[in-house]
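**Student:** The structure under discussion is supplied below as structure tokens; questions concerning it will follow.
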Amino acid sequence: MVYQGNPVSEGIAMGKVMLYEPFVPAVDVATIAKDEIPAAVDHYEKARNSAKQELEALRTRLQQDDPQKAKIITAHMDILFDVAMEEEIHDAISDGKSTEAAVDKIFKKYIKIISKAADERIRERASDLEDVRCRLLRNCMGVPERNLAFLTEPVIVVAKDLFPSDTASMDRKKVQAIVTEVGGPTSHTAIIARSYEIPALLGVENALSLLHNGQSVVVDAVDGRLMTDPSEEELKEYGKKADLFQLRAEETKKYLDGDAFTKDGTKIEVELNIGSANAQEIDGMRHTNGVGLFRSEFLYMGRDTLPTEEEQYKIYRKVLMQAGDDPVILRTLDIGGDKKLDCLQLPKEDNPFLGNRALRLCLSHRDIFKTQLRAALRAGTAGNLWLMFPMVGSLDDIRNAKEVVREVQQELDCEKIEYSKKIKIGIMIEIPAIAMIADLAVKEVDFASIGTNDLCQYTTAVDRMNQNIAKYYQSYHPALLRLIRYAVEQFHKAGKPISVCGELGGDRLAMPVLLGFGMRRVSMGISAVARAKKIISRLDLGEARNMAERVCQMETAGDVEAYLTDALKDIL
């Protein structure tokens, strides 16, 4: 049998299945008597300390082998000792709930909140909370720990989902591939699988019930296929495919360093998307021509208070210093609607994607906006800062945001605080309205970056988080491509830079189309950089222009994808 899945970490593996089902707590919701409350609180404290010891042991081991993964465990320690959750758990016990019931109730409350966030990256944080919940409840119930750290033989791990601690602690030398029933490209499983270069196929429905321990399977995390009980001939064919993939992967890695030039000698600026500015992201900057998107909202997440001006200043400065003369495009706070922060209470909205978010939110919370702008302007003295506003829908939005920048500059002048007076100011083009008046918007700004994820969502009127209508979210829709083409043309006419920082920036099929439109800057995650540079090196701009013009005349997204797949088969 062959099953379909989402290949989030490319590769091909052949081996034996190991079904992995982590501890799933069955919580007794029975109440306790008043005189049992002190014992229940003591039980909670002891269970939490036991969980802490497990996490500390895991972090110590990871710190030696992979310091970046140890940070995941540090985050779990922070959740375990979160002051607000601890207080609510104590209150629940005082109200007569057992230790397990109190822990279960409070953790589920926060998991539910995080799981409803519009931003997939925020939603994925729910898995951290669920991980800590299960660890704490397991310790409450006295059940020994079971993980993927000590495997006796090479296996293909099959699970409903993997917790962050599972992927962080697993013996990567013995994990040939990962298959899960749920998960997406921004999940911890996907991110760590890519960093370990382990093939991963997520979203294989009912994988646990379809497979059994020791079963022979082939995981094709290139074409998104899971084959069970392959024949000798099929194993032989996949062996050849795996060897060819490995050869190509090694060849692609050679493109990671150095600048990207097309076949006819045109330089393309390949930039990096970053979020938390951790050591791994900072290190990735040496392979690119700057930061094409610094998602500053990640500095606000997972905390009870808003980051101070000084905290932001230090982080922005660190990134700018690392970039040197290369640009760092700092996107101002992009949050709001159901994309919530623990440190900012926002009203619920019926249609959050069209609500008070991003720049709109910043303009209505000027104190928060000004704090960020002060930090950014001050840090700008350390490098080449480009400031970018998200969710811009009109010239009024641009002018209002620029006015706030001027106010902050005047305040810094009055306080005699040094700041950069040479920053560039730009916008995200992610609302069709601003794309359609790019000829006017370009007069107001120094640059623009196209956020293709939201631009596609708003152009096609599709909630990109709704799996029930995923087929309508079409990244190769001719209407979307025409909007991108128009925006690029207008910025080129004005002699101002424009880039793309959404998913299409690292999309192998979209690359020739973007270059054909005239795009000369693309930004993406580090895992896509080498592949993007390789594709660029094999493209001729004349051919790319012809391809770009042709796809804009096509009728459907399917037509575009089929054409590009065929046209690029010798390049990809």
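**Student:** Quick check: net charge around GLY518, other residues with Cβ under 11 Å of its Cβ, Lys/Arg +1 and Asp/Glu -1?
**Tutor:** Residues close to GLY518 contribute a combined charge of +4.
**Student:** As an exercise, use a Förster radius of 60 Å and the Cβ-Cβ distance of THR266 and LEU151 to find the FRET efficiency, rounded to the nearest 0.05.
**Tutor:** Efficiency at R0 = 60 Å is approximately 0.80.
**Student:** Tell me which residues come under 5 Å, amide H to amide H, from ILE335 once H is placed; ignore anything under 5 positions away on its chain.
**Tutor:** ALA358
**Student:** Rounded to whole Hz and in sequence order, give me ³J(HN,Hα) for the range 34-50 from the Karplus expression 6.51 cos²θ - 1.76 cosθ + 1.60, θ = phi - 60°, writing x for Gly and Pro.
**Tutor:** 4, 6, 8, 4, x, 5, 5, 5, 4, 4, 4, 5, 5, 5, 5, 5, 5
**Student:** Using label points projected 7 Å from each Cα along Cα→Cβ, tell me how many nm separate SER216 and SER276, to one decimal.
**Tutor:** Result for the modelled spin labels: 4.1 nm.
**Student:** Whole angstrom only: what separates the Cα centroid of the range 251-318 from the Cα centroid of the range 353-428?
**Tutor:** Their Cα centres are 20 Å away from one another.
**Student:** OK, next. Tell me, CYS552, CYS140 in order of fewest to most beta-carbon neighbours within 10 Å?
**Tutor:** Going from sparsest to densest Cβ surroundings: CYS552, CYS140.
**Student:** How charged is the neighbourhood of ILE571? Take every other residue with its Cβ under 14 Å from the Cβ of ILE571, and add Lys/Arg as +1 and Asp/Glu as -1.
**Tutor:** That sum, taken over residues with Cβ under 14 Å, equals +2.
**Student:** Also, I was wondering about something else. If amide H atoms are built 1.01 Å from N in the plane of the peptide, which residues on other chains or at least 5 residues away come under 5 Å of the amide H of GLU271?
**Tutor:** Counting only residues 5 or more places away or on other chains, the set is ASN289, VAL522, SER523, MET524.
**Student:** Quick check on my link table: of LYS253/LYS533; LYS370/LYS443; LYS52/LYS112; LYS422/LYS533, which ones sit more than 20 Å apart, alpha carbon to alpha carbon?
**Tutor:** LYS370/LYS443; LYS52/LYS112; LYS422/LYS533
**Student:** Separate question: Which ³J(HN,Hα) values, rounded to whole Hz and listed in residue order, are derived for the range 154-161 from phi using the Karplus coefficients 6.51, -1.76 and 1.60 in 6.51 cos²θ - 1.76 cosθ + 1.60 with θ = phi - 60°, glycine and proline given as x?
**Tutor:** Once rounded to whole Hz, the list reads x, 9, 9, 7, 10, 8, 5, 7.
**Student:** Please work out the FRET efficiency for the pair VAL29 and PHE81, using the Cβ-Cβ distance as r and a Förster radius of 25 Å; give the result to the nearest 0.05.
**Tutor:** Calculated value: 0.50.
**Student:** Let me ask something else about it. How much FRET efficiency would the formula 1/(1 + (r/R0)^6) give for GLU489 and LEU395, where r is the Cβ-Cβ distance and R0 is 25 Å, rounded to 0.05?
**Tutor:** 0.85
**Student:** Let me ask something else. What's the extension gain from ASP171 to SER231 if we count 0.36 nm per residue and subtract their Cα-Cα distance?
**Tutor:** 18.7 nm
**Student:** Residue by residue, what Karplus-based ³J(HN,Hα) values in Hz, rounded to whole numbers, does the range 263-272 have, using 6.51, -1.76 and 1.60 with θ = phi - 60° and x for Gly and Pro?
**Tutor:** Working through the residues one at a time gives 4, 9, x, 8, 7, 10, 6, 9, 10, 10 Hz.
**Student:** Reachable lysines from LYS34, Cα under 25 Å, same-chain residues fewer than 8 places away excluded?
**Tutor:** Within the straight-line cut-off, LYS34 pairs with LYS46, LYS97, LYS105, LYS108, LYS109.
**Student:** Another question, if that's okay. Counting other Cβ atoms within 10 Å, keep those with at most 11, restrict to DSSP loop, and tell me which trypsin sites (Lys or Arg not before Pro) in the range 243-278 are left.
**Tutor:** Of the trypsin sites (Lys or Arg not before Pro), the ones in loops of the range 243-278 whose Cβ has at most 11 other Cβ atoms within 10 Å are LYS254.
**Student:** How far apart, in nanometres, would the label points at ASN546 and ASN206 be if each is projected 7 angstrom from Cα along the Cα-to-Cβ direction?
**Tutor:** The two pseudo-label positions are separated by 4.9 nm.
**Student:** Let me have the relative contact order for the chain, percent, based on Cα pairs under 8 Å that are six or more residues apart.
**Tutor:** This gives 13 percent for the chain.
**Student:** Ranked by Cβ crowding within 10 angstrom, fewest neighbours first, how are VAL217, VAL445 ordered?
**Tutor:** VAL445, VAL217
**Student:** Now for a separate question. What 222 nm value per residue comes from the helices of the chain, counting each DSSP H run with n ≥ 4 as -39,500 (n - 2.57) and dividing by all residues, nearest 500 deg cm²/dmol?
**Tutor:** Helices in the chain give a 222 nm mean residue ellipticity of -14500 deg cm²/dmol.
**Student:** A follow-up question, please. Starting from the Cα of LYS348, draw a straight line to each of the aspartates and glutamates and keep only those under 20 Å, dropping any in the same chain fewer than 8 residues away.
**Tutor:** ASP119, GLU120, GLU297, ASP304, ASP334, ASP338, ASP463
**Student:** Under 5 Å between amide hydrogens, which residues at least 5 positions from ASN6 or on another chain qualify, with H placed 1.01 Å from N in the peptide plane?
**Tutor:** Amide H neighbours of ASN6: LEU202, GLY203, VAL204.
Every number here is computed from the coordinates shown, using simple stated rules; none is lab data. Remember, predicted model here, so these are calculated numbers, not experimental data. Using ideal geometry, Cβ is built from the backbone for each residue, glycine included, and neighbour counts are taken over all protein chains shown.
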